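In what follows, a structure is listed as structure tokens, so that the remarks can point back to it.
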Amino acid sequence: MKFRILLIAIFSLIMVSCQSGNQKTNLIGSAPDVVIAHESWSEDVAFATFTKRLLEEEGFSVKIVQVDNGYRALKNKKADLFLAYWEPNDYYKDSADTLLSLGSLYTKAKIGFVVPKYMDAHTIDDVEKFKKELGGKIYVVNPNSEGFAGLNEATKRYNFSLEMEEVTETEMISLFMERYKNKQPICITGWFPHPMLNLDHIRVLDDPFGAFSQEYNLVKYCNPSWAKEHPKLVSFFTKYDFSKEHFKVLIDKVEENNWNLDKGIDAWYKALSPEYKKLFK
């Protein structure tokens, strides 16, 4: 009897040891198949949420984590994958050789000055004419970021006397929607893709001096060590991207749901997920 109990105890220890040996761990605890980092921007949230739901319906375990900088999160091993690195950009590229690019998620992204279409402004030069109506302000999100490097150039080239007031993304969208509903002038620095900036209603101002001339690609990066362990997911993400037409569906769904991002993402997923599931075949 004692010998039998001893055998059961030994067998149990072996099973526990095998299970713990097969379970990956990293800095955020027991690791799922993929940990996707996203920054706080609305489009990052949309891309990460769509991807998580898609992968989970295909049987993968997924965790998404919000970080200050997705590229740095990969470098510091806090995530396996970041979907939307704006490239070309130089920040945190000191470790580019240690990360693996899986290609673009979205191409020809753009930054610039944005106004509602009812404003009679067509170039950045025209903004100054609306100084009084604008309260002397242009609203800017994170003006010190690499992506808005063109702001300083624009200020010099267009002789702005308007104040660049820094706001959060949420504040910017709230201000824009409030002014838009009342048909009041407003100017912001916007970027595309953005799920709440519908090109049917707004105008990206022409930029004769080319202060915001650069186009970007949103690039997928992952850790090579994760890639080696998950060839099926790497194959999927290499083919995984969003066209402007697909992103326009998100914009429309957000607008249909009274600018509710969560509901818009849910409707977006229902509309497009069947097409993306084909990438697993």
Say the cut-off is 30 Å between C-alpha atoms; which of K183/K220; K181/K244; K63/K248; K77/K137 go over it? K183/K220; K77/K137
Largest-first principal axis extents of the Cα set of the range 110-204 (Å): 31, 27, 20
I need two numbers for the range 103-164: Rg to one decimal and Dmax as a whole number, Cα atoms only, in Å. 13.3, 45
Interchain or long-range residues, amide H under 5 Å from V65's placed H: I36, A37, H38
At most 14 other Cβ atoms within 10 Å and a DSSP loop assignment: could you name the trypsin sites (Lys or Arg not before Pro) in the range 162-270 that fit? K183
Which peptide among 151-164, 66-79 comes first, and what is the full order, when sorted by highest mean count of other Cβ atoms within 10 Å? 66-79, 151-164
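For G210, what charge total do you get from the other residues with a beta carbon under 14 Å from its beta carbon, if Lys and Arg give +1 and Asp and Glu give -1?
Residues near G210 contribute -2 overall.
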Just flag the trypsin sites (Lys or Arg not before Pro) in the range 110-142 sitting in loop per DSSP whose Cβ has no more than 11 other Cβ atoms within 10 Å. K132
Which residues' amide hydrogens lie under 5 Å from the amide hydrogen of N198, considering only partners 5 or more residues apart or on another chain, with H built in the peptide plane? none
Give me a comma-separated list of calculated 3J(HN,Hα) values for the range 209-224, in order, Karplus coefficients 6.51, -1.76, 1.60 applied at θ = phi - 60°, integers in Hz, x for any Gly or Pro. 8, x, 5, 10, 6, 6, 9, 10, 10, 8, 9, 8, 10, 9, 7, x
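Computed from the coordinates by the stated procedures, all read-outs in this text should not be read as laboratory data. What you see is a predicted model; the values in this text were computed from it and never measured. Every residue, glycine among them, receives a Cβ derived from its backbone with ideal geometry; neighbour counts consider all protein chains shown.
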